[in-house]
1. Go through the residues of segment 112-122 one by one and say whether even a single one is within 16 Å of ligand 1 (Cβ to nearest atom) and among the basic types (Lys, Arg).
2. Looking at segment 255-277, can you tell me whether even one residue there is on the phi > 0 side of the Ramachandran plot and within 16 Å of ligand 1 (Cβ to nearest atom)?
3. Restricting the search to segment 327-338, which residues are away from ligand 1 (no atom under 12 Å from the Cβ) and either in contact with a His (Cβ under 8 Å, 6 or more places away or on another chain) or acidic (Asp, Glu) (or both)?
4. Cβ contacts < 6 Å: first residue within 16 Å of ligand 1 (Cβ to nearest atom), restricted to segment 35-63; second residue open to solvent by less than 50 Å² (accessible area, probe 1.4 Å) and assigned to a helix (DSSP H, G or I), any location; separation 6+ or different chain. Result?
5. Among the listed residues His312, His292, which satisfies the condition of being away from ligand 1 (no atom under 15 Å from the Cβ), at pLDDT 95 or above and open to solvent by less than 10 Å² (accessible area, probe 1.4 Å)?
6. For segment 66-75, check the following and say yes or no: at least one residue is among the hydroxyl-bearing types (Ser, Thr, Tyr), open to solvent by less than 20 Å² (accessible area, probe 1.4 Å) and either at negative phi or modelled with pLDDT of 95 or more (or both).
7. Within segment 147-167, take every residue that is more than 14 Å from ligand 2 (Cβ to nearest atom) and in contact (Cβ under 8 Å) with a residue 60 or more places away in the chain and give me the one that is least open to solvent (accessible area, probe 1.4 Å).
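The values are calculated or read from the model by the stated rules, or taken from the named source; none is laboratory data. None of the values given here were measured: they were computed from a predicted structure. Here the Cβ positions follow ideal geometry from the backbone for every residue, glycine too, while neighbour counts run over all protein chains shown. The protein model used for the area step is the full one, side chains on, heavy atoms only, and it has no ligands, DNA or RNA in it. Shrake-Rupley method; radii C 1.70, N 1.55, O 1.52, S 1.80 Å.
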Amino acid sequence: MSQVDLVIRGAQVVSPDQIITASVAIDGERIVAVGHDDVMPAGREELRADGLFLLPGAIDSHVHFRDPGYPHKETWKSGSAAAACGGVTTIFDMPNTNPPTGTLEALRLKHKAAESSYVDFGIHGLLGDDTIENLEALLEAGVTSFKAFVGNTFGNLPAPTDGALLEGFEKLAPLGIRTVVHAENSSILLRRQQRMESAGRIDTLAHLAARPAVAEIEAIGRVLTLAEWTGARVHIAHHSAADSLFLIREAKRRGVDVTVETCPQYLLLNTDHAARLGGIMRLNPPIREARHNQPLWDALLDGTIDMIATDHAPHTPEEKTRESIWDCDCGFPGVETQMPLMLTEVNRQRATLMDYVRWSSVNPARAWGLYGAKGVIAAGAHADIAVIDMNRQGVLSQNRLQTISRISPWHGRAVQGYPLHTLLRGRFVMRDGKLVTEAAGWGRSVKTVQTMPVARPRNTEHYTSAILSTPPGVAPNATPAPQEPL
Ligand code: NCD
Ligand code: ZN
């Protein structure tokens, strides 16, 4: 190899098993060598990275870039700029846009909006009663995965009926496609909210009171039952409660292919922050009492929870600070702040950098069928790299975020550990802490590198053969043979 595009020299390269001092050679979109500095080819460009860490770019399974439908909250350009500046190289966008991503036309609009993306992306299509017939066509047209809003949330999409959820899983199980589930029981929370509202409760904690942990326990249990029955792959979004972890542990032990994410807000915030944050804190599922924080860390560390996502859910400052909690939109931005927040916890020795890479990149790459192309710093992989300074200290400020919706519960929080540069497929999308604006549009769909190996479908035969077509040898509407009178 004579000369390559870029060589990053003398860095600490992080994988889930080890941290090694190595240099990384990049040519075009891919890494071509990782190894001792002496054996590296020359680079047309060289970057010294002594004392810095190279992590595979973070993969965020859960963001809301809002376009089409709510570009005043976020656009693909602003949301993906936030990702790039947060060391995130791949995102998965949620379907509660307007129109929701459950039809080919809505998907076309989303692909159009995504043309300005700074980072690579997957698209979760909508699984609901009205979209069951569209699932195959949506997959054909580019969705990577599906999302079922079993719990009511922003966008007010009706929760799929259990019948539709089962049918969706029956269809998707043989294809190996994973479905994200917002696991809260809608009828519990809608009823509770009505009771709170009629009792005149408008305070921040009324939101939590309306969404008790049992709503999460019940929904996760139901989803896991249907997933185990069908063999469908599922992914539990924004896991918030300590009390439902036993269900995940048990399902994993039984061989259910379930992956789980939690978010920095469930690890680091709790009701003690309610007075300070008010409506900013309103989020689904809710931020709970302090007793939930440590069990979620423990679950990450023991592998019950697989990954960190952010649920980047921007709403404008005006939409987040209304007098009644019921008038404040649910969610807040997070894709840009996840990495500094988590690296700070690594610096506090709550986890290692190797753990972090497993949660932020390796496990999401595996869950969505991208591992090999993404999620790893190795020859042949996409050159998706976050260059990290673990010593850099700062204070997070909502005024410096790339998101359009500059209101964040992390405003004013001291952190140590920042991404300095972000490379996506060999190209800087953030450099020296600054967005590389010419890189808008460099992001593309990960569909072309996605391989979901065929899953182990179970009990789906009944749906595909017996329900949709009459089994051979059975007369339609057969008359039972006459019975002898008793
Ligand atoms: C999300 C949003 O605003 O789209 N809000 C939230 O509170 N998390 C939707 C969701 O993920 O539930
Ligand atoms: Zn969300």
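1. Checked against the condition, which is being within 16 Å of ligand 1 (Cβ to nearest atom) and among the basic types (Lys, Arg), segment 112-122 yields no hits at all.
2. no
3. Of segment 327-338, the ones away from ligand 1 (no atom under 12 Å from the Cβ) are 327, 335-338.
Scanning segment 327-338 gives Asp327, Val335, Glu336.
4. Hits for this filter: Ser61/Pro364.
5. Numbers: His312 fails: away from ligand 1 (no atom under 15 Å from the Cβ).
Matching residue, one of His312, His292: His292.
6. no
7. Applying the first criterion (more than 14 Å from ligand 2 (Cβ to nearest atom)) to segment 147-167 yields 158-167.
Those left that are additionally in contact (Cβ under 8 Å) with a residue 60 or more places away in the chain: 162, 165-167.
Values: Asp162: 76, Leu165: 1, Leu166: 51, Glu167: 63 Å².
By that ranking, first place goes to Leu165.
Conditions tested, residue by residue: (1) crowded, with 24+ Cβ neighbours inside 10 Å; (2) of a type in the set (A, V, I, L, M).
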site: Leu341; (1), (2): no, yes
site: Asn347; (1), (2): no, no
site: Leu353; (1), (2): no, yes
site: Ser361; (1), (2): yes, no
site: Arg366; (1), (2): no, no
site: Gly369; (1), (2): no, no
site: Asp384; (1), (2): yes, no
